[in-house]
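Q: Below: one structure in structure tokens.
The values are calculated or read from the model by the stated rules, or taken from the named source; none is laboratory data. None of these values were measured; they are calculated from a predicted model. Cβ sites come from the backbone with ideal geometry, for glycine too, and all protein chains shown count toward neighbours. Protein only, heavy atoms only, side chains kept; ligands, DNA and RNA dropped before computing areas. Shrake-Rupley method; radii C 1.70, N 1.55, O 1.52, S 1.80 Å.
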Amino acid sequence: VEPGEVAAALRRWAGVVETAVLPQVLPDGETRLLGFVTPADVDVAALRRWAGTQLPGYLVPARLWALATLPRLASDKVDRQRLLALAQDGGEAAGAYAPPRTPLQQTLADIWAEALRVARVGIDDNFFELGGHSLQAAQAAARAAQALARPVTVGLLLARPTVAELAAALTVADDEEPALDEPPPSLAGPYLLLAERPLTPDDVGPVDAAALGYLRQKAWRYDRLLYAQSGGRPILLGATQTAWGRFALIMLPRFAADLYADPPGLVQEVVAALSLAGQMRARTVSLTGLIPSATDYGRALLPALAAHGNLPDISTGHAATTAAVVMAVERVLAESGRDLAQERVGFLGLGSIGAASLRLLLATQPHPQAIILGDLYSKQAQLEALRAEIVTELGFVGEVQLAPSRQEVPAAFYEATLIVGATNVPDILDVARLRPGALLVDDSGPHCFNLEQAVHRFAAAGDILFTEGGVLQLPQPLHRLRYVPPAAPPLGTSLIDDPYEVMGCAFSSLLPRQFPELEATVGLATVAMCVRYYRRLAALGFRAGPLHSKGYRFAATAVARFRQRFGVNREP
């Protein structure tokens, strides 16, 4: 990111005289942009909303200050350190500070300040204009639910994005319903057993396979608790029983942000996790999330595995993930009453999952009207080579349009009526520029689009649908055992999913031993192997999960209204 380019964009707002944009590195290693403008009477809330229409989401400053003048050094250069000190000291952004007036407002303001990592939050400050994103919204909602001993959803926070509005909504709810005297009920139930102490292999018992993950966020108290308990060793979080076998869930003692920082150390930790899986007799271990790319799609582990011997096989799980993505395309088309043959399909991100999904789609589905190839990393020559491959080897005869880019998604890409996302650049897709009736299947991590903006657009206009790309729906429910630290906040759907849903990459570890035609994938998944996984999963009765994104799920009535407006086949 070049902050000077962002500063130049802010200067185009009427009334802005001077600008400065600085990166701020947070204690957890994340970086966010801070913006400073003059004069002091600039409406920074309106400026930030306007910037969201001019810049990709990840380039919009998380916080904006309007100052009388920018501090300067003796050389007349902007004093960057004084500006960063202003942000560190809690100088106000986005207007005057209105303090909390009630205990409920104070509780919410404190929770928001912790989630947003700011000194204080006024009751009229907008959560998202202070830089809040979907994960922080989920954290704030979970912390509020715990503090208030009552349900507080992300959807409610989205609809009431200031402390004053949210407190008022909760007060009205209190008037309508009696307050809970007890904490929210446990998530334990017929399909979930929660353990109150760390698990050992003896607690879990023999398994057929294992899935290897990592801690997602340094700022999330659940993950911090697990990291503190790990002692630098892999953590056994539980096991999942399916109709096709049992797999354990093992977490590396490493956060997502650290996966690429120390490759030799990562290899050692994975080998330790494989040894733990071996103690439970697991025969295959799937590498989920970002672990495949951080280990060169598993290839960096092969020398260590050869040296240790007698460890479980590894699999990236990419063939199963790719099958789940194509199934998600099938489901969103069926739910919306659309025909793939009439769609202009854009692929945003053409790495290991994106390119494999494109190939599998063409190998198993009716061919679309047109394909738009968009990637932030591929050069023109690479896209040309991919176009030649899908034409000569996969027999595509429709239009193929190339849309390479570096800093933002080009305008031509927004002509797509169906988009498959598989990129590692967050919020690069501008929700506001999607065509009415657009469908979006996203397997990016994190999302390639801003979830709050997508939810707001659907709530206001009802003219887009979006869903996760890697989730499978099983024909029979799962039974889970999970360890949850006693001091952890209430769990959301990111940790405990529907008993009929599972991530394709995690489930894939069970398949190679049962079905000889399915190999554990190391390196890039071939189209032939992806086809085999897709056909086997379909034969077993699997389909994509219901339309959802993180904790947000579409109501059936809302999808039906979308189908009536934008579907070719309008009957359910």
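Q: Return the total of residues in the range 219-228 being open to solvent by 60 Å² or more (accessible area, probe 1.4 Å) and under 12 Å from ARG254 (Cβ atoms).
A: Total satisfying the criteria: 1.
Q: Which residue, of ALA282, ALA277, ALA355, is in a loop (DSSP other than H, G, I, E, B), open to solvent by less than 40 Å² (accessible area, probe 1.4 Å) and over 30 Å from ARG561 (Cα atoms)?
A: Values: ALA277 fails: in a loop (DSSP other than H, G, I, E, B); ALA355 fails: in a loop (DSSP other than H, G, I, E, B).
ALA282 is the lone residue from the list that is in a loop (DSSP other than H, G, I, E, B), open to solvent by less than 40 Å² (accessible area, probe 1.4 Å) and over 30 Å from ARG561 (Cα atoms).
Q: Moving to a separate point now. Name the residues in the range 415-436 that are within 21 Å of the chain's Cα centre (by Cα) and not in a loop (DSSP other than H, G, I, E, B), would you?
A: Residues of the range 415-436 within 21 Å of the chain's Cα centre (by Cα): 418-434.
Matches in the range 415-436: LEU418, ILE419, VAL420, GLY421, LEU429, VAL431, ALA432, ARG433.
Q: Shifting gears a bit: Looking at this structure, is LEU333 open to solvent by 10 Å² or more (accessible area, probe 1.4 Å) and in contact (Cβ under 8 Å) with a residue 24 or more places away in the chain?
A: So LEU333 passes the test.
Q: In the range 371-384, is there at least one residue being at pLDDT 90 or above, out of contact with any strand residue (DSSP E or B) (no Cβ under 8 Å at 6 or more places or on another chain) and surrounded by 15 or more Cβ atoms within 10 Å (Cβ to Cβ)?
A: Scanning the range 371-384 turns up no residue that is at pLDDT 90 or above, out of contact with any strand residue (DSSP E or B) (no Cβ under 8 Å at 6 or more places or on another chain) and surrounded by 15 or more Cβ atoms within 10 Å (Cβ to Cβ).
Q: Among the residues of the range 42-86 satisfying the criterion of being farther than 17 Å from GLU452 by Cα and in contact with a Lys or Arg (Cβ under 7 Å, 6 or more places away or on another chain), which is surrounded by the most Cβ atoms within 10 Å (Cβ to Cβ)?
A: LEU64
Q: Please pick out the residue among VAL522, VAL502 that is under 25 Å from ILE235 (Cα atoms), modelled with pLDDT of 90 or more, open to solvent by 20 Å² or more (accessible area, probe 1.4 Å) and of a type in the set (Val, Ile, Thr).
A: None of the other options fit; the residue is VAL522.
Q: Still on this structure, please answer the following. Please work out which residue is nearest to CYS505 (Cα to Cα), limiting yourself to the range 532-541 and to residues that are open to solvent by 20 Å² or more (accessible area, probe 1.4 Å) and part of a helix (DSSP H, G or I).
A: In this case the residue turns out to be TYR534.
Q: Moving on to the next point. Could you give every pair whose Cβ atoms fall below 9 Å, whose first residue belongs to the range 244-262 and is more than 18 Å from ARG513 (Cβ to Cβ), and whose second residue is aromatic (Phe, Trp, Tyr) and in a strand (DSSP E or B), counting only separations of at least 6 or pairs across chains?
A: What qualifies is MET251/TYR214; LEU252/TYR214; PRO253/TYR214; ARG254/TYR214; PHE255/TYR214; ALA256/TYR214; ASP258/TYR214; LEU259/TYR214.
Q: Now a separate question. Hey, THR392 hits all of (1) among the polar types (S, T, N, Q); (2) modelled with pLDDT of 90 or more; (3) open to solvent by less than 50 Å² (accessible area, probe 1.4 Å) but one; which does it fall short on?
A: (3)
Q: Shifting gears a bit: Does GLU114 meet the test of being at pLDDT below 75, under 24 Å from GLU452 (Cα atoms) and acidic (Asp, Glu)?
A: no
Q: On to the next question. Within the range 368-413, can you find the residues that are in contact (Cβ under 8 Å) with a residue 60 or more places away in the chain and closer than 17 Å to LEU440 by Cα?
A: Correct list: VAL409, PHE413.
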